[in-house]
Each structure stands twice: as structure tokens, then as C-alpha cells.
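Q: Got a structure here, written out as C-alpha cells. Questions coming.
The values are calculated or read from the model by the stated rules, or taken from the named source; none is laboratory data. Please read all numbers here as calculations on a predicted model, not as lab measurements. With ideal geometry, Cβ positions are generated from the backbone for all residues, glycine too; neighbour counts draw on all protein chains shown.
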Amino acid sequence: MHKIFSNGCSFLTPRPKDGVDTFVSDIIAKEYKCELTNLAMGGRGNDRISFSTKVWFEQNNTKDIFAIIGWSSMHRNDYVTNDGWKKGRIPQTDLTWRTWKTLDNVSFIREKSGWDIENNGIMNFLDNVFDLQNYFERKNIPYVMYNALPNSFQTDVRDFEVIKSCLNMKRFFMPNLSHYEFIIDKKYIVSPQDPHPSLQGHEEWAKMLVDFIKENKLTEKGIKVVGVDADTEKALNKLSEGNRVAFADAEDPGFWSKLRFGKLKVIVLALPCLLYTSDAADE
């Protein structure tokens, strides 16, 4: 790992005017002696975090890079105008995201726009996590995620539970505690008027996150394994279980002649007897 990429809201940015000249992903990059690319921006919502992350990875070299995503509040609304992204108002109301975030005007929003704001927020949050995790895993990009601001995995909506069950929680640090809740509880904030992380608030969260990354070996890329079997029933059973399986005969010279070895790292032969294995290896 030579590079770290991060994206999020103001909880992944410095606040020099308050004496906070570093932040979580910057501390982690220094721990691993890596170059850091940070796209985080104050007021950013989760739609923009997810979208801008995918755009960046499509336009840049992703070799030896590790991604850190600090999710913003599920109650922040991103939408596009003709002059770029706005963190601002909810369409068809005069409310800004700051008012919406506090949920002080839920009944007003429902009356004016008909939105179920709680479930809409949960749905968008789950969808963003699910989408970005799938993107990273499809691209074989190692990553870790956490909640910079409070989000909810708790829901009694059956459709939401379906998506929630598909999430890779092994790569989600402390899903039931956000960085914001942590610093409020520990009083690691800039000031009572500015509940952003103090220097200690960034350092302590980064330390726990590094421990989580190391303990779970999250910087390692996943290995894609493809099985080959000449038994149709076995191959179909493995496919139905979600495994990557090809129907082919390892003793068939035609199979090996068509195989592309460019990106293959290891071939493991496990045939019924030593003679068959030897013959296949010769092919």
C-alpha cells in the first residue's frame, strides 16, 4: 500500500483556525507512511461522497491504494444544479440542510413535500453503502468505512433489511457509534459552540481505526478464486451458493490452451488421483 484515499464531510478535514491541523485519514496516512488524496469537504452529503469517490477512482491509478470513507449524515441532501453540487436546500422548500439535519421540521417537510424523512434517510444511506462497497469489491480495492456523523442501520422495513443483510460489515468500523457521538461523549470537541473533533478527537478515533484495520488485515486485497469442475451437478450447486465456478475438464488439453494466464497467480490442482493430477499439470 503506497497511497490512501479518503472522502467524507468536515470530520475528515483540518480546522487550522482552531489549532486542528490534522485529521483522521491524514494521521493514518502518516502511520502507514503513505501519500494521501483527500476529497472530503464540509457540509458534504452521502450521495456526493459516493459519486465523487467513484469518479475519482475511474480517472486515477488505483494500484496499491487503500480507501477510507467517513459517511456524513443520512439527513443531508445533495442535489445537482446548473452550477455544480449544492449542499443546500431541499427542493420545493426554503429549508437548508442545516435545518433538515436537526430534524426540527420533520412535520413541516412531510406536510409540504410528502417525504417520510426518517425512512428516506435510512434508504439512501443503505443504498450508498451497498453501492460503494460493491464498487470497491468489484475493482478489488481494499477499503474501510465508518460513520463520521450519526446514521442508522436500525429499521423494521423488510426491503431495507434485504440490503442491510448484503453489506460487508467486516469492513465497517463501529457501525453503531459515529465519530461525532464518540467526541461528544469524550468531550474531544473544538468547543461547545463548535462540536467538531479537537486534535485529540482526531487522534483517538484514528488510533482505534488503525487497530481495526490491522486486526482485520483490511489493507490486503482480496483474492478472486475460480473453481473448475467437470461434474455438472457439483458446478451448478456451487454456482447456486454464490461461488465462482466454471464447467470444464482439467484433463482436457483444449481447456488449458484457451486459458489466459496473464493475471493468474496460482493454479491448484486437486484431482482424484496423482496420475490425473500429473497429466493435467503436463497439459
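Q: Within the stretch 12-21, track down each residue that is modelled with pLDDT of 95 or more, out of contact with any Phe, Trp or Tyr (no Cβ under 7 Å at 6 or more places or on another chain) and buried (at least 18 other Cβ atoms within 10 Å of the Cβ).
A: V20
Q: Just for strands (runs of 3 or more DSSP E) wholly inside the stretch 154-247: which have at least 1 residues that are of a type in the set (F, W, Y) and in contact with a strand residue (DSSP E or B) (Cβ under 8 Å, 6 or more places away or on another chain)?
A: Output list reads 245-247.
Q: Looking at (1) modelled with pLDDT of 95 or more; (2) surrounded by fewer than 22 Cβ atoms within 10 Å (Cβ to Cβ); (3) within 14 Å of the chain's Cα centre (by Cα), which one does I68 not meet, given that it meets all the others?
A: (2)
Q: May I ask you to list the residues in the stretch 33-63 that are surrounded by 16 or more Cβ atoms within 10 Å (Cβ to Cβ) and over 25 Å from D78 (Cβ atoms)?
A: The answer is C34, and nothing else.
Q: Before we move on, is D211 of a type in the set (D, E, K, R), more than 22 Å from the chain's Cα centre (by Cα), assigned by TED's automatic domain parsing to the domain that holds E137 and on the phi < 0 side of the Ramachandran plot?
A: Working: of a type in the set (D, E, K, R): yes; more than 22 Å from the chain's Cα centre (by Cα): no; assigned by TED's automatic domain parsing to the domain that holds E137: yes; on the phi < 0 side of the Ramachandran plot: yes.
In short, no.
Q: Now for a separate question. Consider the stretch 248-283. How many of its residues are at pLDDT 70 or above and outside any helix (DSSP H, G or I)?
A: Going through the stretch 248-283 one residue at a time, the tally reaches 10.
Q: Which ones in the stretch 30-48 are modelled with pLDDT of 95 or more and either among the hydroxyl-bearing types (S, T, Y) or within 12 Å of L12 (Cβ to Cβ) (or both)?
A: The answer is Y32, L36, T37, N38, L39, A40.
Q: Being over 18 Å from E137 (Cβ atoms) and modelled with pLDDT under 95: is that true of D83 here?
A: yes
Q: If you go through the stretch 41-87, how many residues are out of contact with any helix residue (DSSP H, G or I) (no Cβ under 7 Å at 6 or more places or on another chain) and of a type in the set (A, V, I, L, M)?
A: 5
Q: I'm told W115 meets every condition in (1) in a loop (DSSP other than H, G, I, E, B); (2) closer than 14 Å to S73 by Cβ; (3) at pLDDT below 85 except one. Can you identify the failing condition by its number?
A: Among (1) in a loop (DSSP other than H, G, I, E, B); (2) closer than 14 Å to S73 by Cβ; (3) at pLDDT below 85, the lone unmet condition for W115 is (2).
Q: Checking the condition surrounded by 14 or more Cβ atoms within 10 Å (Cβ to Cβ) and in contact with a Phe, Trp or Tyr (Cβ under 7 Å, 6 or more places away or on another chain), which residue from L167, L199 passes?
A: Being surrounded by 14 or more Cβ atoms within 10 Å (Cβ to Cβ) and in contact with a Phe, Trp or Tyr (Cβ under 7 Å, 6 or more places away or on another chain) holds for just one of L167, L199, which is L167.
Q: Could you identify the single residue in I28, I4, I69 that is outside any loop (DSSP other than H, G, I, E, B), closer than 26 Å to S191 by Cβ and hydrophobic (A, V, I, L, M, F, W, C)?
A: Testing whether each residue is outside any loop (DSSP other than H, G, I, E, B), closer than 26 Å to S191 by Cβ and hydrophobic (A, V, I, L, M, F, W, C) leaves just I28.
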